[in-house]
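*Asks:* This structure is in structure tokens; I'll ask about it shortly.
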Amino acid sequence: MTYDFTSKNKMWLTIGMLVGVLCLGWTYFMADDALHTRFWSNFLHNAVFFTGIALMGGFFMSASITAWAGWYVNFKRVWESFSLFLLVGLGLMGIIALGVFFGWHHLYHWMDTSLLDPANEHYDKILAGKAGFLNKYWYLFGTVILIGIWLFIVSKIRSLSLSEDQGQASDFGQHRKIRIWAAAFLPLAGFGSAAMIWQWIMSVDAHWYSTLFGWYTGASWFVSMICLTILVLLYLKSKGYYQSVSTEHFHDLGKFLFAFSIFWTYLWFSQYMLIWYANVGEETIYFKERLTNYKGLFYINLLINFVAPFLILMRNDTKRKMGSLGFTAGLVLFGHWLDFFLMIKPGVLHTAHESVGHGHAAEHHGEAVTGHGHEGGHEIAEAAAHHVGEHASSFEMGFSMPGLLELGTFIGFLCLFLFFVFNTLSKTKLVGENDPYLEESIHHHT
């Protein structure tokens, strides 16, 4: 059976994309700063979020193939379609990377190369020490090359998966090739994504240090991918497709959503607790900012992404009820979008303040983070409190809290993602009929 991507569905998704374009256009042309910071930060936020979901679709599919898993095969075309969105992600992140290279925006404090000159009175020793990695060349070529490699491999897996259906069911040659490519994808995606997380997201707060941030962000991407998988399958099943995808499959997806929500929380707590306990200024600056100016979002993030799925999905039967599972998936998907908002916006806003004449905040911060030990930690904490307090009293919609323009942009990117996925699904059969694990998937039970 092939998915019929109807003109009505295309129309509604196109309207959603136009809403996103209008919201982005509004943030660009109505900006009150020459750098269009709200526009670029909204673009980065959503581009990173959905590119990461595509990457995790390919990663989980490859991990399942490599582990000889069979339960997912019935709906593997969905994850194939997710992963191919890396093509769009390459274009989206390419725009951000070109903006870094040519100075179209100032999302990252390290883009100001004058701070790397020891002769400059505002010389930043921390940024100078990271300049070998945080520079426009690494950002541009790392983005293009790594996403290009990921896209090449998932496209190869997709091509072999389609050609598998053209052969004989008893011929496992194509499947062996798929397994080789899947195994190659795992380390390239795992280590490569960590490097790009540091570039794309963590370097927004360029003075900050954390050894857990790559894991934390990857977990957020993964949970978001599971949420979208559940929602897409529920929609397709409601339209008469994937009738062989049973309650058992949704139960397993619900278990992954529950388990990795706990894993995300474990990383959230580990990162926060260790930084709080150590009280090292290079690390506390990140949470000081968010607990001072974003306290509501800080706790809402934990409430939506941990408390809600924990309480709803703890019971075994709620993972089998389509209503409760779909509600939780939608809520947690939005919650992790907020999580990325909280990762990106505070650092971008601080950089924007510096670029328009508030450089003294960074100067104090740069001086403070050169301190060492517990005595230095006290000075660092005071410096951090000073610089985050500078704009604590000024609520800025789109930075302090997502506004209607941010929500509209999210809808636009979500509709773009779904349009691509449904269009890809419509081009071939929804089920890989010659996959050697298909029967195991059809008769899957837990």
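Values in this text are rule-based calculations from the coordinates and carry no lab data. Just so we're clear, the structure is a prediction, and the values are computed from it rather than from any experiment. Neighbour counts run over all protein chains shown; Cβ positions are idealised from the backbone, glycine included.
*Asks:* Considering only Trp150, Met17, Ser163, whose Cα is most displaced toward the positive end of the charge dipole of the stretch 7-425, charges sitting on Cβ of Lys, Arg (+1) and Asp, Glu (-1)?
*Replies:* Value computed over the given set: Ser163.
*Asks:* Evaluate the distance, in nm, between pseudo-label points positioned 7 Å from the Cα of Tyr235 and of Ser426 along their respective Cα→Cβ axes.
*Replies:* Inter-label distance under the simple model: 1.3 nm.
*Asks:* Percentage of Cα-Cα pair distances in the stretch 4-155 greater than 23 Å, rounded to whole percent?
*Replies:* Numbers: 6145 of 11476 pairs.
When all Cα pairs of the stretch 4-155 are counted, 54 percent exceed 23 Å.
*Asks:* Taking the Cβ-Cβ separation of Ala31 and Thr446 as r and a Förster radius of 51 Å, what is the calculated FRET efficiency to the nearest 0.05? Each step should come with its number before you reach the end.
*Replies:* Values: r = 52 Å, r/R0 = 1.01.
For Ala31 and Thr446, the calculated efficiency is 0.50.
*Asks:* Going by average Cβ density within 10 Å per residue, which order do the peptides 217-228, 79-90, 406-417 take, highest to lowest?
*Replies:* Working: 217-228: 25.3, 79-90: 23.3, 406-417: 21.7.
For the peptides 217-228, 79-90, 406-417, the packing ranking is 217-228, 79-90, 406-417.
*Asks:* While we're on this one: Regarding the chain, what is the average projected area of its C-alpha convex hull, in nm²? It would help to have the intermediate numbers written out before the result.
*Replies:* Values: hull surface 84.6 nm².
Mean projected area of the Cα convex hull: 21.1 nm².
*Asks:* Enter the per residue convex hull volume of the stretch 305-356, computed from alpha-carbon coordinates, in Å³ rounded to the nearest integer.
*Replies:* Values: hull volume 2.8 nm³, N = 52.
Taking only Cα atoms, the stretch 305-356 has a hull volume of 54 Å³ per residue.
*Asks:* Neighbouring Cβ atoms within 10 Å as the yardstick, rank Arg176, Arg77 fewest first. It would help to have the intermediate numbers written out before the result.
*Replies:* Working: Arg176 10, Arg77 23.
Starting with the residue having the fewest Cβ neighbours, the order is Arg176, Arg77.
*Asks:* Of the listed peptides 339-351, 194-206, what is their order by residue-averaged count of other C-beta atoms within 10 Å, with the highest listed first? Let's see the in-between values first.
*Replies:* Values: 339-351: 23.6, 194-206: 20.9.
The peptides rank, most packed first, as 339-351, 194-206.
*Asks:* Could you calculate the contour length gain from Phe172 to Ala67, that is, 0.36 nm times the residue separation minus the distance between their Cα atoms, to one decimal place in nm? Write out the running numbers ahead of the final one.
*Replies:* Values: separation 105, 0.36 × 105 = 37.80 nm, distance 1.64 nm.
Fully extending the segment from Phe172 to Ala67 adds 36.2 nm.
*Asks:* Report, in whole Å, the centroid distance computed from the Cα atoms of the stretch 285-311 and the stretch 190-251.
*Replies:* Result: 19 Å between the Cα centres.
*Asks:* Mind checking which of Ala67, Ala259, Ala182 has the largest fluctuation in a GNM of the chain, springs on alpha carbons under 10 Å?
*Replies:* Maximum fluctuation in the GNM of the chain, among the listed residues, is at Ala67.
*Asks:* Also, I was wondering about something else. Strictly over 22 Å apart at the Cα level, which of Lys10/Lys239; Lys156/Lys429; Lys156/Lys239 would you flag in this model? Could the numbers behind the result be given before it?
*Replies:* Working: Lys10/Lys239 15 Å; Lys156/Lys429 18 Å; Lys156/Lys239 30 Å.
Pairs exceeding the cut-off: Lys156/Lys239.
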